[in-house]
């Protein structure tokens, strides 16, 4: 039976326990302190989040065209454990999470109604619609997926090709040179464990509120602590069942069903929606995204407070989920080449989001503009 690594487990566990108790003791002051810490991080390290994520994407492009792209994960004779369709569906569902259920329409609508100052765009105008669509592409396609791709690829090479332990610290083996887990590896694992739990709490909270809102809208069930608790229990139970049944049962089957459902939903909107306008807003948004990519990636052409609240916050949120996502994406990639890894973890999920979210996000624009 695997033993708990106390140097990895105890520091984040104690910090999380203290944070939870303090939030129960004085919720108002806890919120003030958390906001102050968040503002301090964004003010001092916003440039690092923006620049770092752009470097990740450029690094993926360089790797794709380099000799490294031909390297097979696990060695020349390694065999895949997943078919290409299984790999795509599992990767897609692993990385989409709760975001597609809410932000596919909520974020573009917000930017449509409330574009940032300093860009010369009026609210509820065709210009704000293009800005909203291009912002969604920036926040949810190639750049964030490059974060997962780089980290997942680092782990896959370290674990399968360099024969390092199944640990987040293994990704930095070429830099720190620890052939066995040591102080540096434990510190990295502990920090990542804390960020994982905090990020999972935020995602779970968003999912609970989304489901509760839907139940109130369609079934008239009023929001209450008991309803939120029941929803949380159902979601957690689903996660546990999916995990304990293994990769080839629960996770594979659920991912397959969800992926087909995503495609059916996107095709339904395409066929029965205002097709011409869907393509119009999608293509115009992509054009604006491409023409403003570098300055927008570095938050150079928008208000800083807006960039910190949206773009930089998104990068921080994606990075919080990166450790555990990297372990999983790297684990299932054995038998495929590095170029395949970039295809299925960066290019294809990004294109799917562009296709599906263009339609779902553009539909409300037709009614408003």
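The values are calculated or read from the model by the stated rules, or taken from the named source; none is laboratory data. All of these numbers come straight from a predicted model, not from anything done at the bench. No Cβ is skipped: glycine too gets one built from the backbone with ideal geometry, and neighbour counts run over all protein chains shown.
A few remarks follow.
- Filtering segment 245-278 to residues that are assigned to a helix (DSSP H, G or I) and closer than 15 Å to residue 328 by Cβ leaves 247, 248, 250, 251, 252, 254, 255.
- Residue match in segment 273-287 (condition: more than 24 Å from residue 121 (Cα to Cα), surrounded by fewer than 19 Cβ atoms within 10 Å (Cβ to Cβ), at pLDDT below 80 and under 19 Å from the mean Cα position of the chain (by Cα)): no
- Residue within segment 238-252 that is more than 24 Å from residue 16 (Cβ to Cβ), out of contact with any strand residue (DSSP E or B) (no Cβ under 7 Å at 6 or more places or on another chain), modelled with pLDDT of 75 or more and surrounded by 13 or more Cβ atoms within 10 Å (Cβ to Cβ) present: yes
- Look at (1) modelled with pLDDT of 85 or more; (2) over 24 Å from the mean Cα position of the chain (by Cα) and you find that residue 85 fails only one, number (2).
- Conditions (1) outside any helix (DSSP H, G or I); (2) without any contact (Cβ under 8 Å) to a residue 12 or more places away in the chain; (3) over 23 Å from residue 196 (Cα atoms); number of the one not met by residue 4: (3)
- Residue satisfying all of: in segment 159-170; in contact (Cβ under 8 Å) with a residue 60 or more places away in the chain and buried (at least 22 other Cβ atoms within 10 Å of the Cβ); nearest to residue 321 (Cα to Cα) among these: 168
- Enumerated helices (runs of 4 or more DSSP H) restricted to segment 119-234, each holding at least 3 residues that are touching a helix residue (DSSP H, G or I) at 6+ places or on another chain (Cβ under 9 Å), more than 20 Å from residue 96 (Cα to Cα) and at pLDDT 80 or above: 126-140, 142-156, 183-219
- Top-ranked residue of segment 39-61 - restricted to ones that are over 19 Å from the mean Cα position of the chain (by Cα) and within 18 Å of residue 202 (Cβ to Cβ), ranked as surrounded by the fewest Cβ atoms within 10 Å (Cβ to Cβ): 39
- The criterion of being free of Cβ contacts under 8 Å to residues at least 12 places away in the same chain and outside any loop (DSSP other than H, G, I, E, B) does not hold for residue 69.
- Pair list, Cβ under 6 Å, 6 or more apart: segment 91-118 residue surrounded by fewer than 18 Cβ atoms within 10 Å (Cβ to Cβ), other residue at pLDDT 75 or above: 101/210; 102/210; 113/123; 117/303; 118/303
- Count of residues meeting criterion [modelled with pLDDT under 90 and closer than 16 Å to residue 143 by Cα] in segment 311-325: 10
- Selection of segment 297-313 for residues being touching a helix residue (DSSP H, G or I) at 6+ places or on another chain (Cβ under 6 Å) and surrounded by 20 or more Cβ atoms within 10 Å (Cβ to Cβ) yields 299, 308, 312.
- Remark: pairs (first residue in segment 209-231, touching a residue at least 40 places away in the same chain (Cβ under 8 Å); second residue assigned to a helix (DSSP H, G or I); Cβ separation under 6 Å; 6+ apart in sequence or on different chains) = 210/101; 210/102.
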